[in-house]
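The values are calculated or read from the model by the stated rules, or taken from the named source; none is laboratory data. Since the structure is predicted, the reported quantities are computational estimates derived from the model, not experimental observations. Methodologically, a virtual Cβ is constructed for each residue, glycine included, from the backbone with ideal geometry; neighbour enumeration extends over all protein chains shown. Each accessible area value is taken on the protein alone, full model and side chains, heavy atoms only, with ligands, DNA and RNA left out. Shrake-Rupley method; radii C 1.70, N 1.55, O 1.52, S 1.80 Å.
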Amino acid sequence: MVTTAKNTTAKNNDTPLIEMRAMHVSFGPQQVLRNITLKIPSGQTLAIIGESGCGKTVLLKTIIALVSPTKGQALFDGQNLAELNEQQLTQQRIRFGFLFQGGALFDSMTVLQNVAFPLRQHRRMSAQETRDAVLERLAEVGLPDDVLTKKPAELSGGMRKRVALARALVIDPEVMLYDEPTTGLDPIMSDVINQLILRTQRRHPVTSIVVTHDMRTTAEVADRVMMLYPIGEVAPDENQIIFDGTPQQLKNSSDPRVEQFVLGRAGDRLGAAVERTAHKSRQSEERSE
Ligand SMILES: Nc1ncnc2c1ncn2[C@@H]1O[C@H](COP(=O)(O)OP(=O)(O)O)[C@@H](O)[C@H]1O
Ligand SMILES: [Mg+2]
């Protein structure tokens, strides 16, 4: 047997950094994820796509145990998250950076205080070192020094996203979780964020999971794509992950559900969702008649 002691985090190449084993998630009577099995090796950039409400954010949250599986397992670095106590969980969460929907900056804090927050929690640094580290991260995301003293409300949406990204990156996470990083941004700012995600990957060895609606983000940053389908719209024995492959394979997929998503503009998807809702309400009207 060959053993290499070099890498202490990912045990060896066969141990995925992130793994779901036959994982189910329900909220009360509402089942959201059913029998999800997946492996994400260290260093991969995975995009998770799928229509609104299909469970992408829930899936992302199981990775850091913000949501717990109702059945099956979520593992990080070989550890079953359900078996860790709060202190152990905190130790694992330090290894992540997240950019959640809405950015979630602290409104009452300046940009400096926001980006410095993880450093204050997890590192012992002087005020000057902290400031320098924050400035370095802000420069990385293309923000000038004079934003340091601003409050989030004084910044544009794109700048807030960049501050949130700087904050997520400030403690050099091993895993970056992005939840719809470009949603709500104009095409130019979306492109800036895509480029920043790419640059982050090139600069630091990081495993990334990007939940997105944006086919450009998928094509530009991902080396693997999964499409998740709403549980109510797959057959009871069908895999909710209806696609798992490269961005190129995604484009060439002949599955009409994948095609519709890839080709569909937001308007078309909205149209399809409206049509489905109308269909469901027609069905329930018919039932109640
Ligand atoms: N904490 C929660 N409690 C109850 N229901 C939830 C919770 N989080 C998500 N859900 C439900 O799970 C489903 C999937 O949500 P989500 O993962 O946010 O979808 P999306 O694919 O748009 O990210 C939705 O129906 C949502 O209402
Ligand atoms: Mg979501």
Quick one: count up the residues across the stretch 93-108 that are out of contact with any Leu (no Cβ under 7 Å at 6 or more places or on another chain) and not in a loop (DSSP other than H, G, I, E, B).
1
Is at least one residue of the stretch 179-186 open to solvent by 10 Å² or more (accessible area, probe 1.4 Å), under 27 Å from I94 (Cβ atoms) and among the acidic types (D, E)?
yes
Of T37, T45, T70, which residue is open to solvent by 40 Å² or more (accessible area, probe 1.4 Å) and away from ligand 1 (no atom under 14 Å from the Cβ)?
T37
Candidate set: the stretch 109-129, residues that are at pLDDT 95 or above and in a loop (DSSP other than H, G, I, E, B); chosen: the one surrounded by the most Cβ atoms within 10 Å (Cβ to Cβ)
T110
Among what's in the stretch 242-251 and is touching a strand residue (DSSP E or B) at 6+ places or on another chain (Cβ under 9 Å) and in a helix (DSSP H, G or I), pick the residue that is least open to solvent (accessible area, probe 1.4 Å).
L250
Considering only the stretch 179-194, state which residues are in a helix (DSSP H, G or I), of a type in the set (V, I, T) and either without any contact (Cβ under 8 Å) to a residue 40 or more places away in the chain or within 16 Å of ligand 2 (Cβ to nearest atom) (or both).
I188, I193
Quick check on my filter: what residues within the stretch 37-52 are more than 14 Å from ligand 2 (Cβ to nearest atom) and touching a Leu at 6+ places or on another chain (Cβ under 7 Å)?
I40, P41, S42
